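Student: Questions regarding the structure given below will be posed in turn.
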Amino acid sequence: MSKRRILSGMRPTGKLHLGNLHGALQNWVALQNNGGYECFYFIADWHALTSEYNNTGSLKEDTRDMVIDWLSVGLDPHVSTLFVQSSIKEHAELYTLLSMITPLSWLERNPTYKEMRSELADKDLSTFGFLGYPVLQAADILMYKAYGVPVGVDQLPHVELTREIARRFNYLYGEIFPVPEPLLAEVPKLLGIDGRKMSKSYDNAIYLSDGGKVLEQKIASMFTDPQRMRKSDSGRPERCNVFTFHQIYSSEADIEAIAQDCRGAAVGCVECKRRLAGRISERMKPINERQEYYRNHLAELDDIIADGNERARTIARLTMKEVRDAVRI
Ligand code: SF4
């Protein structure tokens, strides 16, 4: 049976944090290792420009850093196709053609459009590129005729928009594109050290590359159960972000013991955090070793990216030939 193709991308925000790892990357690795999917994962560097158009100095370096992290957590370039969006110029051509048939009202009603504009109020996002980024996403997905798109709940409206654009194209020019399905995964909600969403821009993230003292200090400064002021107060692990991390990094027996000791005031937060730092550090060790390897073998990294680009380009060329014929252009 042929494998089902899936596609997903990430903006090159530089080194990745644990929120990225557990919110998306681990799911990507699981889909890759599932055996039933042909996985395409790309660095969405044009998408980065939709909000960071005036801040492009580190884009190339960030792209490399991100691919290093992808490889280090288990994405295998012999199994998955890893590529860079801006290296496949066909995406720009399909984006142009799709933008011709996408009603403005579909973009204006996109719920994340308004949300992101208010969230990123310090940036001027009243640009054509920012309004139109879901069309670029549609081009990315449809280019590879993806069966599915692994996404979080907040990305569902974008996949829906891609589905509408695919249907409209097929209606106008003939059945070229399969209508892609969103593939939702259960992901743990890991907050940053200050209790807000983990994000590079909030300066509250724990990075895959954090180790030793940096990791210990970050964990030590994490918010805990706000009602637990002293060690003698009983705690509520279900209200504590440190405990959420333990649920990922500690053994079943340890998780149970921590929950019990926290409620019974038998363990203090300092000790609980110290144990967590140890567990994370253990789990990150092989990842950090692979990061180190690729940082010292940048030519090999560039070959991996070039190979992925070539594989993606081959498919993109075939799709664009079909698209041009259908549009008669
Ligand atoms: S003991 Fe651990 S789980 Fe309990 S409140 Fe402190 S840090 Fe959180």
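Student: Under 5 Å between amide hydrogens, which residues at least 5 positions from Glu181 or on another chain qualify, with H placed 1.01 Å from N in the peptide plane?
Tutor: Under 5 Å from the amide H of Glu181: Gly148, Val149.
Student: Using θ = phi - 60° and the Karplus curve 6.51 cos²θ - 1.76 cosθ + 1.60, what whole-Hz ³J(HN,Hα) does each residue of the stretch 192-197 get, with Gly and Pro shown as x?
Tutor: Residue by residue, the stretch 192-197 yields x, 5, 9, x, 8, 3 Hz.
Student: I need the per residue convex hull volume for the stretch 92-150, using only the alpha carbons, in cubic angstrom as a whole number.
Tutor: Once divided by residue count, the hull of the stretch 92-150 is 101 Å³.
Student: Given the stretch 29-87 reduced to its alpha-carbon atoms as identical point scatterers, what log10 I(q)/I(0) does the Debye formula return at q = 0.31 Å⁻¹?
Tutor: Values, matching the q order: -1.28.
Student: Take peptides 37-45, 211-219, 297-305 and line them up by average Cβ neighbours within 10 Å, highest first, as a rough protection proxy.
Tutor: Those peptides, ordered most packed to least, come out 37-45, 211-219, 297-305.
Student: At 0.36 nm per residue, minus the direct Cα-Cα distance, what do Thr314 and Glu108 gain on full extension? Give it in nm, one decimal, please.
Tutor: My answer for the length gained is 70.8 nm.
Student: Then there's this: How far apart, in nm, are the 7 Å Cα→Cβ label points at Val327 and Ser126?
Tutor: 3.0
Student: Suppose we keep just the alpha-carbon trace of the stretch 107-261; what are its Rg and Dmax in angstrom?
Tutor: Calculated on Cα positions, Rg and Dmax stand at 21.4, 70 Å.
Student: Here's something else I'd like to know. Let me see the pair-distance distribution of the stretch 235-329: every alpha carbon pair, 5 Å bin width, integer percents in order.
Tutor: 2, 11, 14, 11, 7, 7, 7, 8, 8, 8, 7, 5, 3, 1, 0
Student: Still on this structure, I have one more. Which net charge results when you count Lys and Arg as +1 and Asp and Glu as -1 among the other residues whose beta-carbon is under 12 Å from that of Arg117?
Tutor: Counting the neighbours of Arg117, the net charge comes to -3.
Student: Give the accessible surface of the chain per residue, rounded to a whole number of Å², with probe radius 1.4 Å and ligands, DNA and RNA excluded.
Tutor: Value for the chain: 50 Å² per residue.
Student: Taking all protein chains in place and a 1.4 Å probe, what share, in percent, of the accessible surface of the chain do carbon and sulfur account for?
Tutor: 52
Student: Shifting gears a bit: How large is ³J(HN,Hα), in whole Hz, for each residue of the stretch 299-313 in order, when computed from phi with the Karplus curve 6.51 cos²θ - 1.76 cosθ + 1.60 and θ = phi - 60°, using x for Gly and Pro?
Tutor: Values per residue, Gly and Pro as x: 5, 5, 4, 5, 5, 4, 5, 5, 5, x, 4, 5, 5, 5, 4 Hz.
Student: Structure shown: which of Lys145/Lys197; Lys197/Lys273; Lys60/Lys218; Lys189/Lys285 lie over 30 Å apart, alpha-carbon to alpha-carbon? Display every interim value, and only then the final one.
Tutor: Numbers: Lys145/Lys197 33 Å; Lys197/Lys273 19 Å; Lys60/Lys218 28 Å; Lys189/Lys285 23 Å.
Checking Cα-Cα distances, Lys145/Lys197 exceed 30 Å.
Student: With the contact rule set at Cα under 8 Å and sequence spacing of 6 or more, what percent relative contact order holds for the chain?
Tutor: Relative contact order for the chain comes out at 21 percent.
Student: Can you tell me the order of 144-156, 282-294, 10-22 when each peptide is scored by its average per-residue count of other Cβ atoms within 10 angstrom, highest first?
Tutor: 10-22, 144-156, 282-294
Student: Can you give me the orientation-averaged projected area of the convex hull built on the Cα atoms of the stretch 190-264, in nm²?
Tutor: That works out to 5.3 nm².
Student: Quick one: divide the alpha-carbon radius of gyration of the stretch 70-111 by 2.2 N^0.38 Å and tell me what you get.
Tutor: After normalising by residue count via 2.2 N^0.38 Å, the value is 1.76.
Student: Then there's this: Cα-Cα pairs above 15 Å in the stretch 142-198: how many percent?
Tutor: Numbers: 912 of 1596 pairs.
Roughly 57 percent, rounded to a whole number.
Student: State the volume of the convex hull built on the alpha-carbon positions of the stretch 238-291, expressed per residue in Å³ and rounded to an integer.
Tutor: Output value, Cα hull per residue: 74 Å³.
Student: Report the calculated FRET efficiency for Asn55 and Glu186 (r = Cβ-Cβ distance, R0 = 56 Å), to the nearest 0.05. Don't jump to the answer; show the numbers that get you there.
Tutor: Working: r = 34 Å, r/R0 = 0.60.
Here the calculated transfer efficiency is 0.95.
Student: Continuing with the same structure: Can you pull a Stokes-Einstein diffusion coefficient for the stretch 1-99 at 25 °C (0.890 mPa s), Rh from Kirkwood over Cα pairs, as a whole number of µm²/s?
Tutor: On the way: Rh = 14.3 Å.
Rounded, D is 171 µm²/s.
Student: How large is the convex hull of the C-alpha atoms of the stretch 62-171 per residue, in Å³?
Tutor: With only Cα atoms used, the stretch 62-171 gives 139 Å³ per residue.
Student: Taking each pair of distinct Cα atoms in the chain once, what is the resulting Kirkwood hydrodynamic radius in Å?
Tutor: When all Cα pairs of the chain are included, the Kirkwood radius is 21.5 Å.
The values are calculated or read from the model by the stated rules, or taken from the named source; none is laboratory data. It should be emphasised that the depicted structure is a prediction, and the values quoted were computed from it without experimental measurement. All Cβ positions, glycine included, derive from the backbone under ideal geometry; neighbour counts span all protein chains shown. Keep in mind that these areas ignore ligands, DNA and RNA; they rest on the heavy atoms of the full protein, side chains included. Shrake-Rupley method; radii C 1.70, N 1.55, O 1.52, S 1.80 Å.
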